[in-house]
Amino acid sequence: MTFGIEKGVYTLSLGMEATLAWAIILLLIGRWLVQRVYVLQRFCIPAPVVGGLLFSLLTLFLHQTGLMAVKMTTTFQTPLMLGFFTTIGLIASLKLVKKGGKVLFFYWLLCSILALMQNIIGVSLAEVLDIHPLLGVLMGAVSMEGGHGAAGAFGPEVEAMGIYGAAAVAMAAATFGLVSGGLIGGPIANYLIKKGNLTSTERDENPDAVTEEAVEGTHMTASLFMQHAAVITVCMTVGLWVATTLKASLAIALPSYVGAMFFAVVVRNLNDHFHWMNLDNGIINFIGEICLGIFLSMALMTLRLWELADLALPMIIVLAAQVLFMVFYTVVIAFRVLGKTYDAAIICAGMAGHGLGATPNAIANMTAVTERFGPSTKAFLVVPLCGAFLIDLFGIPCITWFINYFAP
């Protein structure tokens, strides 16, 4: 960490160790605030988003006033992102997918169509508002269904193509979507349940029973942690090599995490068949949560928010359109396709959550509704399974195609 004067401006330069330290500190500050501020809890705002955004607001103030420039070294950001998406692949067990049945298939199909429509809406309105179509893609499925994870991955990719402010746009849109998804999920389900006079048919008042099966707990030891860390890093290494090779040979914009995630999916399901090792979802999720938390904190703290000034109005228009479409899509289309049942209404609340934000948002929406109207075991199986990894099977290729089609 050094302090000096560059081009007449006081400049604080943070090395990779200092940047990592600040990212972790901001993550802890974010968690402390989320635990104590009701609004943050109500809308399930992630702790790294809170802490990282506070720091980026501070750097915005320093930049606008000319008091100081802050430079950060984000060397650890890419490995952390790779680690998180690899853990997503490692929990993608086909055994769990089979338990979802045809409802899971229809829900995945609906999410796939949603990703396509979000990109079409983003690109179309970008053309109308005279901004680059790639910014429309970033305000589409990247930040809506993809959330902060995909925004942090695709944003820098698009910015590297020469699209000024792309990373900041992606992260800002993801934050808007996260809040919106938490706001509309409950009211959507409430409307559908009351309109159809729907009731839960389950007697078991434990909607979390299924999620416990999807996320196994275990007694953590150093040996078990290192075994799983070895599997994750090997998948990261091989998957990154595959993605880099494909990117070079096919000349397409392919995020580095794609290869790692899909290679991890292959490893997980081969292991389920041949039983080479005991892969515990509890440990995998634990490692993934650490990687995601620090990655998001670092991604948010390094945002250059001053780059959003000229895009404020177009962003509001595009993102408002995305929210309105989500309401229409869940109420008019998804609810009917899923059977117009009580479970369908709960699933629609979940779709609003992760279709605009993240899977935890979906769980929070469904929990709030089921606590009032009764349990829905099927919803708590289908939505997390699809939101965790199945949506990427279509979402990532769809996003990649749009980015390459509109690339400069």
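The values are calculated or read from the model by the stated rules, or taken from the named source; none is laboratory data. Treat the numbers as computed from the prediction; the structure is a model and nothing was measured. Don't worry about glycine lacking a Cβ; one is built from the backbone with ideal geometry, like all the others, and counts go over all protein chains shown. Just the protein is used for accessible areas: all its heavy atoms, side chains included, with ligands, DNA and RNA removed. Shrake-Rupley method; radii C 1.70, N 1.55, O 1.52, S 1.80 Å.
Observations on the structure shown:
- For the range 262-408, accessible area per residue (1.4 Å probe, heavy atoms of protein chains only), Å²: 38
- Between the beta carbons of Ala160 and Lys340, assuming R0 = 56 Å, the FRET efficiency works out to 0.75 to the nearest 0.05.
- The chain, accessible surface, carbon-and-sulfur percent (1.4 angstrom probe): 68
- Cα-based helix-to-principal-axis angle, 281-301 vs the chain, degrees rounded to 10: 40
- Rounded to 10°, Cα long-axis angle of helix 166-196 versus longest principal axis of the chain: 20
- Most to least packed among 189-201, 396-408 [average Cβ atoms within 10 Å]: 396-408, 189-201
- Cβ-based charge dipole, the range 61-150, positive-most Cα from Thr78, Leu138, Gly101: Gly101
- Between the range 258-321 and the range 349-408, the Cα center-to-center distance that results, in Å: 13
- Protection proxy ranking of 106-112, 347-353, 272-278, by the mean of other Cβ atoms within 10 Å over each peptide's residues and highest first, is 347-353, 106-112, 272-278.
- Shape category assigned to the range 291-332 from the gyration tensor of Cα positions, a/c cut at 1.5: oblate
- Solvent-accessible surface of the range 1-54, averaged per residue with a 1.4 angstrom probe and all protein chains in place: 61 square angstrom.
- Here the range 249-408 is assigned +1 on the Cβ of each Lys and Arg and -1 on the Cβ of each Asp and Glu. Its dipole about the Cα centre then comes out at about 360 debye.
- Placing +1 on each Lys and Arg Cβ and -1 on each Asp and Glu Cβ, with no other charges, gives the chain a dipole about its Cα centre of roughly 520 debye.
- Surface accessible to a 1.4 Å probe, per residue, for the residues of the range 137-191, Å²: 23
- Relative contact order (percent, whole number), the chain, Cα cutoff 8 Å, 6+ residue spacing: 29
- Summary value for the range 88-201: 17 percent relative contact order, contacts being C-alpha pairs under 8 angstrom separated by 6+ residues.
- Acute angle (nearest 10 degrees) that the helix 16-36 long axis makes with the longest principal axis of the chain, alpha-carbon atoms: 50
- Simple spin-label estimate for Met68 and Met220 in nanometres, 7 Å along Cα-Cβ: 3.3
- Charge dipole (the range 1-128, unit charges on Cβ, about Cα centre) - positive-most of Ala21, Leu62, Pro48: Pro48
- The mean sequence distance of close C-alpha pairs (under 8 Å, at least 6 residues apart), as a share of the length of the range 332-402, puts its relative contact order at 27 percent.
- Most fluctuating residue given options Ser180, Ser143, Ser223, as computed from a GNM of the chain linking Cα atoms under 10 Å: Ser223
- Cα lying deepest toward the dipole's positive end in the chain, options Ala362, Leu90, Gly152, charges on Cβ: Ala362
- Protection proxy ranking, peptides 292-304, 15-27, average beta carbon neighbours within 10 Å, highest first: 292-304, 15-27
- Distance (nanometres) between label positions extended 7 Å along Cα→Cβ at Phe61 and Met16: 3.2
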